[in-house]
1. Can you list residues whose amide H is under 5 Å from L160's amide H, if they're 5+ apart or on another chain and H is modeled 1.01 Å from N?
2. Can you work out ³J(HN,Hα) from phi for every residue in region 8-17, in order, using Karplus 6.51 cos²θ - 1.76 cosθ + 1.60 and θ = phi - 60°, giving whole Hz and x for Gly and Pro?
3. Rounded to the nearest 20 debye, what is the charge dipole size of the chain about its Cα centre when +1 sits on each Lys and Arg Cβ and -1 on each Asp and Glu Cβ?
4. Please identify the GluC sites (Glu not before Pro) of region 97-145 that satisfy two criteria: DSSP loop assignment and at most 15 other Cβ atoms within 10 Å. Which are they?
5. Out of the GluC sites (Glu not before Pro) in region 253-289, which ones are loop residues according to DSSP with at most 12 other C-beta atoms within 10 Å?
6. Let me have the relative contact order for the chain, percent, based on Cα pairs under 8 Å that are six or more residues apart.
7. Show me, for region 529-536, the HN-Hα J-couplings you get by feeding each phi into the Karplus relation (A = 6.51, B = -1.76, C = 1.60, θ = phi - 60°), rounded to Hz, glycine and proline as x.
8. Defining a contact as two alpha carbons under 8 Å apart and six or more residues distant in sequence, what relative contact order in percent does region 375-434 show?
Amino acid sequence: MNVVGVSAYFHDSSCCLLQDGKLVAAASEERFSRFKHDPRLPIQAFRYCLEEGGIDITDIDCLAYYEQPTKKLARQLTFPIFSNGDPNLSWLDARKPEREIRELLGVEAPIRFYEHHLSHAASSFYFSGFDEAAILTVDGVGEWATCTYALGSDDHIRVLDEVRFPHSVGLFYSAITAFLGFDVLDGEYKVMGLAPYGEPRFVPEMRQLIRLREDGQVELDLRFFDFRSMNAMYTSELEELLRATPRAPESPIEAVHKDLAKSAQVVLEETLLGQAEHLFTSTRQQRLCLAGGVALNCVANARLLRDGPFEEIFVQPAAGDAGSCLGAAALAHLDLTGRRHSRDRLDHVYLGPDYASDEIAYALQKLEVLAIDFRGKDTELVATVADHLARGCVVGWFQGRAEFGPRSLGARSILADPRAEHMRDHINRLVKKREGFRPFAPSILATRVGDHLDLDHRSPFMLETCRVTSNLSLPAITHVDGSCRPQTVDGQTNPRFAALLEAFESRTGCPFLLNTSFNVRGEPIVCSPLDALRCFGASGMDYLVLADFLIPQEALPESFARFASATMPRPWNDAFSREPLHAVYTFI
Ligand SMILES: [Fe+2]
(Lines give C-alpha, C1' and ligand atoms only; values in the text may rest on other atoms or scores of the structure.)
Protein backbone atom coordinates (compact mmCIF):
# COMPACT_ATOMS: atom_id res chain seq x y z
CA MET A 1 0.00 0.00 0.00
CA ASN A 2 1.68 3.18 -1.21
CA VAL A 3 0.10 6.40 -0.01
CA VAL A 4 1.62 9.73 -1.02
CA GLY A 5 0.84 12.80 1.10
CA VAL A 6 1.05 16.29 -0.37
CA SER A 7 0.74 19.79 1.08
CA ALA A 8 1.09 22.64 -1.41
CA TYR A 9 0.16 26.09 -2.76
CA PHE A 10 0.51 27.94 0.52
CA HIS A 11 4.04 27.76 1.84
CA ASP A 12 6.55 25.02 2.58
CA SER A 13 5.04 22.60 0.06
CA SER A 14 5.96 19.06 1.01
CA CYS A 15 5.53 15.43 0.10
CA CYS A 16 5.79 12.14 1.98
CA LEU A 17 5.37 8.44 1.28
CA LEU A 18 3.71 5.90 3.57
CA GLN A 19 4.59 2.42 2.39
CA ASP A 20 2.51 -0.29 4.07
CA GLY A 21 2.15 2.13 6.95
CA LYS A 22 5.85 2.90 7.23
CA LEU A 23 6.93 6.49 6.74
CA VAL A 24 9.81 5.97 4.31
CA ALA A 25 10.37 9.51 3.07
CA ALA A 26 9.31 13.12 3.65
CA ALA A 27 10.76 16.33 2.26
CA SER A 28 9.90 19.94 1.52
CA GLU A 29 10.18 21.28 -1.99
CA GLU A 30 12.33 24.24 -0.87
CA ARG A 31 15.22 21.91 -0.12
CA PHE A 32 15.39 20.90 -3.77
CA SER A 33 14.25 24.09 -5.51
CA ARG A 34 16.34 26.28 -3.18
CA PHE A 35 13.50 28.82 -2.82
CA LYS A 36 12.71 29.32 0.84
CA HIS A 37 9.10 28.42 1.75
CA ASP A 38 8.51 27.32 -1.86
CA PRO A 39 4.69 27.16 -2.25
CA ARG A 40 4.58 25.35 -5.60
CA LEU A 41 3.52 21.78 -6.17
CA PRO A 42 6.36 19.69 -4.66
CA ILE A 43 7.45 18.01 -7.88
CA GLN A 44 11.03 17.34 -6.85
CA ALA A 45 10.08 16.20 -3.36
CA PHE A 46 7.51 13.85 -4.96
CA ARG A 47 10.17 12.36 -7.26
CA TYR A 48 12.47 11.92 -4.32
CA CYS A 49 9.81 10.11 -2.27
CA LEU A 50 9.09 7.66 -5.09
CA GLU A 51 12.79 7.02 -5.58
CA GLU A 52 13.33 6.43 -1.88
CA GLY A 53 10.41 3.99 -1.83
CA GLY A 54 11.64 2.23 -4.97
CA ILE A 55 8.33 2.72 -6.75
CA ASP A 56 7.04 4.51 -9.80
CA ILE A 57 3.87 6.50 -10.39
CA THR A 58 1.76 3.47 -11.28
CA ASP A 59 2.53 1.89 -7.89
CA ILE A 60 0.76 4.69 -6.00
CA ASP A 61 -2.50 3.51 -4.46
CA CYS A 62 -3.69 6.91 -3.33
CA LEU A 63 -2.54 10.52 -3.13
CA ALA A 64 -3.75 12.36 -0.03
CA TYR A 65 -4.00 16.14 -0.20
CA TYR A 66 -3.83 18.21 2.99
CA GLU A 67 -6.85 20.45 2.52
CA GLN A 68 -10.12 20.89 0.67
CA PRO A 69 -9.65 23.46 -2.10
CA THR A 70 -13.34 24.13 -2.69
CA LYS A 71 -13.97 24.99 0.96
CA LYS A 72 -10.90 27.16 0.99
CA LEU A 73 -12.09 28.99 -2.12
CA ALA A 74 -15.43 29.66 -0.43
CA ARG A 75 -13.61 31.40 2.39
CA GLN A 76 -11.35 33.32 0.03
CA LEU A 77 -14.36 34.56 -1.92
CA THR A 78 -16.25 35.48 1.24
CA PHE A 79 -13.31 37.45 2.58
CA PRO A 80 -11.59 38.60 -0.61
CA ILE A 81 -8.21 40.22 -0.37
CA PHE A 82 -8.38 42.40 -3.46
CA SER A 83 -9.11 45.63 -1.67
CA ASN A 84 -6.01 47.02 -3.34
CA GLY A 85 -7.68 46.64 -6.72
CA ASP A 86 -5.50 43.80 -7.99
CA PRO A 87 -7.53 42.36 -10.88
CA ASN A 88 -5.48 39.17 -11.05
CA LEU A 89 -7.71 36.53 -9.50
CA SER A 90 -6.31 33.59 -11.44
CA TRP A 91 -4.84 32.11 -8.27
CA LEU A 92 -8.36 31.65 -6.91
CA ASP A 93 -8.67 28.25 -8.54
CA ALA A 94 -10.04 25.34 -6.53
CA ARG A 95 -9.30 22.88 -9.32
CA LYS A 96 -5.63 23.71 -9.53
CA PRO A 97 -4.39 21.12 -7.01
CA GLU A 98 -6.09 18.17 -8.72
CA ARG A 99 -5.28 19.44 -12.21
CA GLU A 100 -1.60 19.94 -11.48
CA ILE A 101 -1.31 16.68 -9.53
CA ARG A 102 -2.59 14.93 -12.67
CA GLU A 103 -0.66 17.00 -15.18
CA LEU A 104 2.62 17.78 -13.42
CA LEU A 105 3.03 14.74 -11.20
CA GLY A 106 1.34 12.34 -13.63
CA VAL A 107 -0.59 10.66 -10.84
CA GLU A 108 -3.56 8.62 -12.03
CA ALA A 109 -4.36 7.07 -8.65
CA PRO A 110 -7.36 8.35 -6.67
CA ILE A 111 -6.86 11.63 -4.83
CA ARG A 112 -8.38 12.11 -1.39
CA PHE A 113 -8.80 15.58 0.04
CA TYR A 114 -8.79 16.06 3.81
CA GLU A 115 -9.58 19.20 5.78
CA HIS A 116 -6.61 21.34 6.65
CA HIS A 117 -6.97 21.11 10.40
CA LEU A 118 -7.88 17.43 10.32
CA SER A 119 -4.58 16.89 8.47
CA HIS A 120 -2.79 18.88 11.18
CA ALA A 121 -4.52 16.85 13.89
CA ALA A 122 -3.70 13.55 12.19
CA SER A 123 -0.09 14.61 11.65
CA SER A 124 0.27 14.81 15.40
CA PHE A 125 -2.02 12.10 16.82
CA TYR A 126 -1.14 9.28 14.42
CA PHE A 127 2.59 9.90 14.90
CA SER A 128 2.47 10.43 18.67
CA GLY A 129 2.39 6.79 19.74
CA PHE A 130 -0.60 7.63 21.99
CA ASP A 131 -3.65 5.34 21.87
CA GLU A 132 -5.80 8.17 23.16
CA ALA A 133 -5.16 11.89 23.39
CA ALA A 134 -6.67 15.33 23.25
CA ILE A 135 -5.64 17.20 20.10
CA LEU A 136 -5.23 20.94 19.67
CA THR A 137 -4.43 22.45 16.28
CA VAL A 138 -3.71 26.17 16.01
CA ASP A 139 -2.56 28.12 12.96
CA GLY A 140 -3.38 31.20 10.89
CA VAL A 141 -6.21 29.65 8.92
CA GLY A 142 -6.98 26.56 6.86
CA GLU A 143 -10.23 26.46 4.92
CA TRP A 144 -12.35 28.16 7.59
CA ALA A 145 -10.95 26.75 10.80
CA THR A 146 -8.10 28.49 12.59
CA CYS A 147 -8.11 26.14 15.57
CA THR A 148 -9.68 22.78 16.33
CA TYR A 149 -10.36 20.95 19.55
CA ALA A 150 -10.35 17.21 18.90
CA LEU A 151 -10.17 13.82 20.54
CA GLY A 152 -8.16 10.92 19.22
CA SER A 153 -9.34 7.48 20.35
CA ASP A 154 -10.11 4.07 18.89
CA ASP A 155 -7.88 5.00 15.96
CA HIS A 156 -10.17 7.84 14.97
CA ILE A 157 -10.14 11.60 15.37
CA ARG A 158 -13.32 13.34 16.38
CA VAL A 159 -13.35 17.09 15.99
CA LEU A 160 -15.25 18.49 18.96
CA ASP A 161 -15.27 22.16 18.03
CA GLU A 162 -13.46 24.68 15.94
CA VAL A 163 -12.67 28.39 15.86
CA ARG A 164 -13.34 29.96 12.48
CA PHE A 165 -11.74 32.70 10.45
CA PRO A 166 -11.30 35.64 10.86
CA HIS A 167 -10.91 34.86 14.57
CA SER A 168 -7.48 33.33 14.81
CA VAL A 169 -4.74 32.99 17.40
CA GLY A 170 -2.15 32.60 14.65
CA LEU A 171 -3.28 35.69 12.78
CA PHE A 172 -3.19 37.73 16.01
CA TYR A 173 0.47 36.82 16.51
CA SER A 174 1.20 37.29 12.86
CA ALA A 175 -0.29 40.79 12.81
CA ILE A 176 1.98 41.78 15.70
CA THR A 177 4.88 40.19 13.81
CA ALA A 178 4.08 42.41 10.83
CA PHE A 179 3.70 45.45 13.12
CA LEU A 180 7.17 44.76 14.48
CA GLY A 181 8.65 44.83 10.97
CA PHE A 182 9.35 41.13 10.56
CA ASP A 183 8.23 39.00 7.64
CA VAL A 184 5.02 37.14 8.30
CA LEU A 185 5.72 33.41 8.03
CA ASP A 186 9.33 33.68 9.05
CA GLY A 187 9.29 36.37 11.67
CA GLU A 188 6.91 34.90 14.26
CA TYR A 189 9.83 33.08 15.81
CA LYS A 190 11.85 36.28 15.89
CA VAL A 191 9.08 37.89 17.94
CA MET A 192 9.27 34.92 20.30
CA GLY A 193 13.06 35.34 20.51
CA LEU A 194 12.77 39.08 21.11
CA ALA A 195 10.15 38.74 23.86
CA PRO A 196 12.48 37.91 26.80
CA TYR A 197 14.24 41.26 26.34
CA GLY A 198 11.04 43.20 26.93
CA GLU A 199 8.56 44.10 29.65
CA PRO A 200 4.92 43.03 29.37
CA ARG A 201 3.60 46.58 29.63
CA PHE A 202 1.27 46.22 26.63
CA VAL A 203 -0.54 43.16 27.96
CA PRO A 204 -3.78 45.07 28.69
CA GLU A 205 -3.85 46.34 25.09
CA MET A 206 -3.06 42.88 23.70
CA ARG A 207 -5.94 41.48 25.73
CA GLN A 208 -8.19 43.93 23.94
CA LEU A 209 -7.10 42.43 20.64
CA ILE A 210 -7.83 38.80 21.45
CA ARG A 211 -10.20 37.22 23.93
CA LEU A 212 -10.80 33.59 24.82
CA ARG A 213 -14.39 32.84 25.76
CA GLU A 214 -15.35 30.20 28.30
CA ASP A 215 -16.68 27.95 25.55
CA GLY A 216 -13.24 27.86 23.91
CA GLN A 217 -14.08 30.29 21.14
CA VAL A 218 -11.48 32.93 20.34
CA GLU A 219 -12.55 36.43 19.39
CA LEU A 220 -10.41 39.06 17.75
CA ASP A 221 -11.49 42.68 17.97
CA LEU A 222 -11.70 43.18 14.21
CA ARG A 223 -11.38 46.94 14.45
CA PHE A 224 -7.65 46.39 14.82
CA PHE A 225 -7.04 43.82 12.09
CA ASP A 226 -7.21 43.96 8.33
CA PHE A 227 -6.96 40.56 6.69
CA ARG A 228 -8.20 41.86 3.35
CA SER A 229 -5.36 44.17 2.57
CA MET A 230 -2.29 42.81 0.86
CA ASN A 231 -0.11 45.40 2.50
CA ALA A 232 -0.69 45.09 6.22
CA MET A 233 -2.61 42.89 8.59
CA TYR A 234 -3.64 45.65 10.98
CA THR A 235 -5.48 48.93 10.88
CA SER A 236 -4.46 52.41 11.98
CA GLU A 237 -6.56 51.81 15.10
CA LEU A 238 -3.89 49.38 16.26
CA GLU A 239 -1.28 52.13 16.15
CA GLU A 240 -3.57 54.30 18.26
CA LEU A 241 -4.25 51.52 20.73
CA LEU A 242 -0.58 50.67 21.17
CA ARG A 243 0.50 54.32 20.99
CA ALA A 244 3.32 53.17 18.71
CA THR A 245 4.19 53.30 15.05
CA PRO A 246 4.94 50.13 13.13
CA ARG A 247 8.64 49.32 12.96
CA ALA A 248 10.16 49.56 9.49
CA PRO A 249 11.84 46.31 8.42
CA GLU A 250 15.58 46.20 9.20
CA SER A 251 15.37 49.39 11.28
CA PRO A 252 16.81 49.42 14.82
CA ILE A 253 14.95 47.43 17.44
CA GLU A 254 13.99 49.69 20.34
CA ALA A 255 12.64 49.08 23.83
CA VAL A 256 9.05 49.54 22.68
CA HIS A 257 9.45 46.72 20.13
CA LYS A 258 10.80 44.40 22.79
CA ASP A 259 7.91 45.29 25.09
CA LEU A 260 5.37 44.68 22.34
CA ALA A 261 6.95 41.30 21.56
CA LYS A 262 6.92 40.33 25.23
CA SER A 263 3.30 41.39 25.63
CA ALA A 264 2.15 39.50 22.52
CA GLN A 265 3.99 36.37 23.68
CA VAL A 266 2.42 36.60 27.15
CA VAL A 267 -1.07 36.91 25.69
CA LEU A 268 -0.41 34.10 23.20
CA GLU A 269 0.63 31.84 26.08
CA GLU A 270 -2.39 32.88 28.16
CA THR A 271 -4.71 32.10 25.27
CA LEU A 272 -3.14 28.72 24.53
CA LEU A 273 -3.24 27.80 28.21
CA GLY A 274 -6.92 28.69 28.32
CA GLN A 275 -7.54 26.63 25.21
CA ALA A 276 -5.69 23.68 26.74
CA GLU A 277 -7.81 23.97 29.91
CA HIS A 278 -10.96 24.01 27.81
CA LEU A 279 -9.84 20.93 25.86
CA PHE A 280 -8.83 19.12 29.04
CA THR A 281 -12.25 19.78 30.54
CA SER A 282 -13.94 18.49 27.38
CA THR A 283 -11.87 15.34 26.99
CA ARG A 284 -10.40 14.45 30.41
CA GLN A 285 -7.35 13.11 28.62
CA GLN A 286 -3.90 13.23 30.22
CA ARG A 287 -2.06 13.57 26.92
CA LEU A 288 -2.10 16.33 24.37
CA CYS A 289 -1.11 16.31 20.69
CA LEU A 290 -0.27 19.68 19.19
CA ALA A 291 0.07 20.79 15.58
CA GLY A 292 -0.37 23.86 13.37
CA GLY A 293 2.15 26.62 12.86
CA VAL A 294 1.57 28.08 16.34
CA ALA A 295 2.84 24.78 17.79
CA LEU A 296 6.30 25.78 16.57
CA ASN A 297 6.31 28.44 19.31
CA CYS A 298 8.59 26.43 21.59
CA VAL A 299 8.33 28.90 24.49
CA ALA A 300 4.55 28.48 24.54
CA ASN A 301 4.91 24.70 24.27
CA ALA A 302 7.12 24.64 27.36
CA ARG A 303 4.61 26.84 29.21
CA LEU A 304 1.75 24.51 28.22
CA LEU A 305 3.59 21.55 29.65
CA ARG A 306 4.71 23.40 32.79
CA ASP A 307 1.51 25.25 33.67
CA GLY A 308 -1.15 23.42 31.68
CA PRO A 309 -3.36 20.49 32.67
CA PHE A 310 -1.76 17.78 30.52
CA GLU A 311 0.87 15.37 31.80
CA GLU A 312 2.49 14.72 28.46
CA ILE A 313 2.56 16.63 25.18
CA PHE A 314 3.56 15.48 21.73
CA VAL A 315 4.31 18.22 19.21
CA GLN A 316 4.50 17.26 15.58
CA PRO A 317 8.11 18.13 14.60
CA ALA A 318 7.02 19.68 11.30
CA ALA A 319 4.03 21.31 12.98
CA GLY A 320 3.34 23.83 10.21
CA ASP A 321 1.81 23.06 6.86
CA ALA A 322 4.86 21.09 5.74
CA GLY A 323 3.98 18.34 8.19
CA SER A 324 0.32 18.25 7.17
CA CYS A 325 1.17 15.94 4.29
CA LEU A 326 1.95 13.30 6.93
CA GLY A 327 -1.47 13.72 8.46
CA ALA A 328 -3.27 13.51 5.12
CA ALA A 329 -1.34 10.34 4.24
CA ALA A 330 -2.14 8.77 7.63
CA LEU A 331 -5.85 9.56 7.18
CA ALA A 332 -5.85 7.97 3.71
CA HIS A 333 -4.08 4.88 5.02
CA LEU A 334 -6.75 4.53 7.70
CA ASP A 335 -9.57 5.00 5.19
CA LEU A 336 -8.12 2.46 2.78
CA THR A 337 -7.13 -0.25 5.25
CA GLY A 338 -9.40 0.39 8.23
CA ARG A 339 -6.29 0.46 10.41
CA ARG A 340 -4.10 3.15 11.86
CA HIS A 341 -0.77 3.13 10.00
CA SER A 342 1.34 2.87 13.16
CA ARG A 343 1.17 2.93 16.95
CA ASP A 344 4.80 3.96 17.31
CA ARG A 345 5.96 7.45 18.13
CA LEU A 346 7.84 9.28 15.41
CA ASP A 347 11.29 9.25 16.98
CA HIS A 348 13.32 10.95 14.28
CA VAL A 349 12.86 13.09 11.18
CA TYR A 350 15.82 11.91 9.12
CA LEU A 351 13.47 11.29 6.22
CA GLY A 352 15.16 13.28 3.44
CA PRO A 353 17.81 12.49 0.86
CA ASP A 354 21.09 10.78 1.62
CA TYR A 355 24.19 10.83 -0.57
CA ALA A 356 26.69 8.01 -0.80
CA SER A 357 30.31 8.67 0.14
CA ASP A 358 31.51 7.47 -3.26
CA GLU A 359 29.19 9.92 -4.97
CA ILE A 360 30.55 12.72 -2.78
CA ALA A 361 34.14 11.64 -3.46
CA TYR A 362 33.51 11.85 -7.19
CA ALA A 363 31.97 15.33 -6.91
CA LEU A 364 34.87 16.58 -4.77
CA GLN A 365 37.36 15.27 -7.26
CA LYS A 366 35.57 16.93 -10.18
CA LEU A 367 35.39 20.23 -8.28
CA GLU A 368 39.10 19.95 -7.37
CA VAL A 369 38.34 20.26 -3.67
CA LEU A 370 41.19 18.88 -1.57
CA ALA A 371 39.26 16.94 1.05
CA ILE A 372 40.69 14.66 3.72
CA ASP A 373 39.24 11.17 3.21
CA PHE A 374 38.08 9.43 6.41
CA ARG A 375 36.21 6.58 4.77
CA GLY A 376 36.41 3.57 7.09
CA LYS A 377 37.88 5.76 9.85
CA ASP A 378 34.81 6.87 11.72
CA THR A 379 36.46 7.31 15.11
CA GLU A 380 39.31 9.36 13.64
CA LEU A 381 36.88 11.63 11.81
CA VAL A 382 34.84 12.28 14.95
CA ALA A 383 38.01 12.88 17.00
CA THR A 384 39.42 15.33 14.46
CA VAL A 385 36.17 17.32 14.24
CA ALA A 386 35.88 17.41 18.03
CA ASP A 387 39.45 18.78 18.19
CA HIS A 388 38.60 21.54 15.74
CA LEU A 389 35.39 22.44 17.59
CA ALA A 390 37.23 22.48 20.91
CA ARG A 391 39.71 25.05 19.58
CA GLY A 392 36.88 27.35 18.48
CA CYS A 393 36.32 26.41 14.85
CA VAL A 394 32.91 26.63 13.16
CA VAL A 395 32.03 23.42 11.35
CA GLY A 396 29.43 22.64 8.70
CA TRP A 397 28.16 19.13 9.52
CA PHE A 398 26.52 17.16 6.70
CA GLN A 399 25.61 13.57 7.56
CA GLY A 400 23.13 10.99 6.33
CA ARG A 401 19.52 11.71 5.48
CA ALA A 402 18.33 15.33 5.62
CA GLU A 403 15.87 16.40 8.32
CA PHE A 404 12.19 16.93 7.54
CA GLY A 405 10.79 20.06 9.19
CA PRO A 406 12.18 23.45 10.13
CA ARG A 407 15.00 22.41 12.46
CA SER A 408 18.52 21.21 11.81
CA LEU A 409 19.08 18.22 14.07
CA GLY A 410 22.57 17.04 13.30
CA ALA A 411 22.17 16.02 9.67
CA ARG A 412 22.50 19.46 8.06
CA SER A 413 23.86 21.60 10.90
CA ILE A 414 26.42 24.26 11.65
CA LEU A 415 28.22 23.36 14.88
CA ALA A 416 30.39 25.31 17.29
CA ASP A 417 31.57 25.55 20.89
CA PRO A 418 28.71 27.10 22.95
CA ARG A 419 31.03 28.19 25.76
CA ALA A 420 32.75 30.90 23.79
CA GLU A 421 31.53 34.40 24.63
CA HIS A 422 32.01 35.68 21.11
CA MET A 423 30.55 32.67 19.26
CA ARG A 424 27.05 34.05 18.70
CA ASP A 425 28.36 37.21 17.04
CA HIS A 426 31.05 35.25 15.23
CA ILE A 427 28.56 32.88 13.57
CA ASN A 428 26.20 35.70 12.78
CA ARG A 429 28.99 37.58 11.10
CA LEU A 430 30.31 34.55 9.22
CA VAL A 431 27.23 32.87 7.98
CA LYS A 432 23.86 33.55 9.52
CA LYS A 433 23.78 37.34 9.22
CA ARG A 434 20.69 37.33 11.36
CA GLU A 435 19.49 39.55 14.18
CA GLY A 436 21.97 39.53 17.04
CA PHE A 437 19.27 39.12 19.71
CA ARG A 438 18.36 35.62 18.62
CA PRO A 439 20.18 32.92 20.57
CA PHE A 440 21.36 29.70 18.98
CA ALA A 441 20.11 26.34 20.11
CA PRO A 442 22.21 23.57 21.65
CA SER A 443 22.37 19.83 21.11
CA ILE A 444 23.14 17.68 24.11
CA LEU A 445 23.46 13.96 24.73
CA ALA A 446 20.15 12.68 26.11
CA THR A 447 22.01 10.95 28.93
CA ARG A 448 23.54 14.23 30.14
CA VAL A 449 20.42 16.37 30.24
CA GLY A 450 19.71 15.99 33.97
CA ASP A 451 23.05 17.53 34.92
CA HIS A 452 22.63 20.62 32.83
CA LEU A 453 18.99 21.38 32.02
CA ASP A 454 15.70 21.66 33.86
CA LEU A 455 14.14 19.03 31.61
CA ASP A 456 12.79 15.65 32.69
CA HIS A 457 12.05 14.11 29.30
CA ARG A 458 13.55 13.81 25.86
CA SER A 459 13.20 16.66 23.44
CA PRO A 460 14.64 15.41 20.15
CA PHE A 461 13.07 18.03 17.88
CA MET A 462 13.93 21.39 19.50
CA LEU A 463 10.25 22.13 20.12
CA GLU A 464 10.33 23.44 23.67
CA THR A 465 12.49 25.65 25.80
CA CYS A 466 13.77 24.93 29.29
CA ARG A 467 15.94 26.54 31.96
CA VAL A 468 19.70 26.05 31.77
CA THR A 469 20.86 24.76 35.17
CA SER A 470 24.40 23.84 34.14
CA ASN A 471 27.43 25.02 36.07
CA LEU A 472 29.04 25.72 32.74
CA SER A 473 28.95 29.16 31.21
CA LEU A 474 27.15 28.77 27.88
CA PRO A 475 26.61 32.28 26.54
CA ALA A 476 26.16 31.30 22.89
CA ILE A 477 23.12 29.11 23.54
CA THR A 478 21.59 30.66 26.65
CA HIS A 479 18.89 33.25 26.18
CA VAL A 480 18.74 36.43 28.22
CA ASP A 481 16.10 34.80 30.47
CA GLY A 482 18.34 31.81 31.20
CA SER A 483 16.52 29.43 28.87
CA CYS A 484 17.57 27.40 25.85
CA ARG A 485 15.87 25.33 23.17
CA PRO A 486 17.67 21.99 23.29
CA GLN A 487 17.84 18.98 21.03
CA THR A 488 18.43 15.84 23.05
CA VAL A 489 20.50 13.38 21.04
CA ASP A 490 20.69 9.64 21.45
CA GLY A 491 23.04 7.17 19.86
CA GLN A 492 20.33 5.11 18.26
CA THR A 493 18.83 7.73 16.01
CA ASN A 494 22.00 9.65 15.16
CA PRO A 495 25.08 7.63 16.23
CA ARG A 496 27.74 9.75 14.59
CA PHE A 497 26.35 12.99 16.02
CA ALA A 498 26.10 11.38 19.46
CA ALA A 499 29.71 10.22 19.13
CA LEU A 500 30.79 13.74 18.24
CA LEU A 501 29.04 15.16 21.32
CA GLU A 502 30.78 12.53 23.46
CA ALA A 503 34.16 13.32 21.92
CA PHE A 504 33.63 17.05 22.43
CA GLU A 505 32.69 16.49 26.07
CA SER A 506 35.75 14.30 26.66
CA ARG A 507 37.95 17.16 25.47
CA THR A 508 36.16 20.07 27.10
CA GLY A 509 33.87 18.77 29.85
CA CYS A 510 30.98 20.34 27.94
CA PRO A 511 28.29 17.95 26.61
CA PHE A 512 26.65 20.65 24.48
CA LEU A 513 27.32 21.83 20.96
CA LEU A 514 25.83 24.93 19.46
CA ASN A 515 23.69 23.65 16.60
CA THR A 516 22.20 25.99 14.04
CA SER A 517 20.72 25.34 10.64
CA PHE A 518 23.12 24.87 7.75
CA ASN A 519 22.20 27.79 5.52
CA VAL A 520 22.81 31.47 5.10
CA ARG A 521 20.11 34.05 5.72
CA GLY A 522 17.26 33.80 3.22
CA GLU A 523 18.32 30.39 1.98
CA PRO A 524 16.62 27.05 2.76
CA ILE A 525 18.64 24.56 4.78
CA VAL A 526 21.13 22.80 2.50
CA CYS A 527 20.06 19.49 1.04
CA SER A 528 22.72 18.15 -1.33
CA PRO A 529 26.52 18.07 -1.02
CA LEU A 530 26.71 20.80 -3.67
CA ASP A 531 24.36 23.03 -1.63
CA ALA A 532 26.60 22.45 1.38
CA LEU A 533 29.77 23.23 -0.56
CA ARG A 534 28.22 26.38 -1.99
CA CYS A 535 27.05 27.60 1.43
CA PHE A 536 30.44 26.71 2.90
CA GLY A 537 32.25 28.57 0.12
CA ALA A 538 30.04 31.66 0.47
CA SER A 539 30.50 31.82 4.23
CA GLY A 540 33.44 31.96 6.55
CA MET A 541 33.05 28.59 8.27
CA ASP A 542 36.34 26.88 9.08
CA TYR A 543 35.55 23.29 8.14
CA LEU A 544 32.96 21.30 6.28
CA VAL A 545 32.33 17.65 7.06
CA LEU A 546 30.62 16.02 4.08
CA ALA A 547 29.81 12.47 5.17
CA ASP A 548 33.30 10.92 5.51
CA PHE A 549 35.23 13.88 4.11
CA LEU A 550 36.71 16.80 6.01
CA ILE A 551 37.24 19.97 4.01
CA PRO A 552 39.15 22.94 5.43
CA GLN A 553 37.99 26.31 4.05
CA GLU A 554 41.40 26.79 2.43
CA ALA A 555 40.98 23.52 0.51
CA LEU A 556 38.41 25.07 -1.77
CA PRO A 557 39.83 26.20 -5.09
CA GLU A 558 40.04 29.97 -5.36
CA SER A 559 37.40 30.08 -8.04
CA PHE A 560 34.94 28.19 -5.85
CA ALA A 561 34.15 31.04 -3.47
CA ARG A 562 33.25 33.27 -6.40
CA PHE A 563 31.08 30.54 -7.88
CA ALA A 564 29.41 29.98 -4.51
CA SER A 565 28.64 33.64 -3.92
CA ALA A 566 27.36 34.13 -7.45
CA THR A 567 25.02 31.16 -7.36
CA MET A 568 23.41 31.56 -3.96
CA PRO A 569 19.64 31.30 -4.29
CA ARG A 570 17.42 34.34 -4.59
CA PRO A 571 15.15 35.16 -1.67
CA TRP A 572 11.62 33.85 -1.83
CA ASN A 573 10.07 37.27 -2.31
CA ASP A 574 12.17 37.92 -5.42
CA ALA A 575 11.42 34.55 -6.88
CA PHE A 576 7.68 34.90 -6.47
CA SER A 577 7.29 38.64 -6.74
CA ARG A 578 4.57 38.21 -9.36
CA GLU A 579 2.47 36.07 -7.08
CA PRO A 580 -0.08 37.63 -4.71
CA LEU A 581 1.32 37.98 -1.23
CA HIS A 582 -0.77 35.27 0.36
CA ALA A 583 1.67 35.23 3.19
CA VAL A 584 0.48 38.60 4.40
CA TYR A 585 -3.00 37.25 4.71
CA THR A 586 -2.94 33.61 5.65
CA PHE A 587 0.48 32.83 6.82
CA ILE A 588 0.67 29.45 8.41
FE1 LIG B 1 -1.97 25.18 8.74
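1. Distant-sequence amide H within range of L160: Y149, A150, L151.
2. Along region 8-17, the couplings run 7, 6, 9, 6, 6, 4, 8, 9, 9, 10 Hz.
3. Taking the Cα centre of the chain as origin, the dipole is about 700 debye.
4. Hits after loop and neighbour filter: E108, E132.
5. Hits after loop and neighbour filter: E254.
6. 17
7. x, 5, 4, 5, 5, 5, 5, 4
8. About 27 percent, as a whole number.
The values are calculated or read from the model by the stated rules, or taken from the named source; none is laboratory data. In this text the structure is predicted, and so the values were computed from the model without any measurement. Heads up, the Cβs are rebuilt from the backbone with ideal geometry, glycines too, and the neighbour counts pull from every protein chain shown. Ligands, DNA and RNA are stripped out before the accessible areas are found, and what is left, the full protein with its side chains, is counted by its heavy atoms. Shrake-Rupley method; radii C 1.70, N 1.55, O 1.52, S 1.80 Å.
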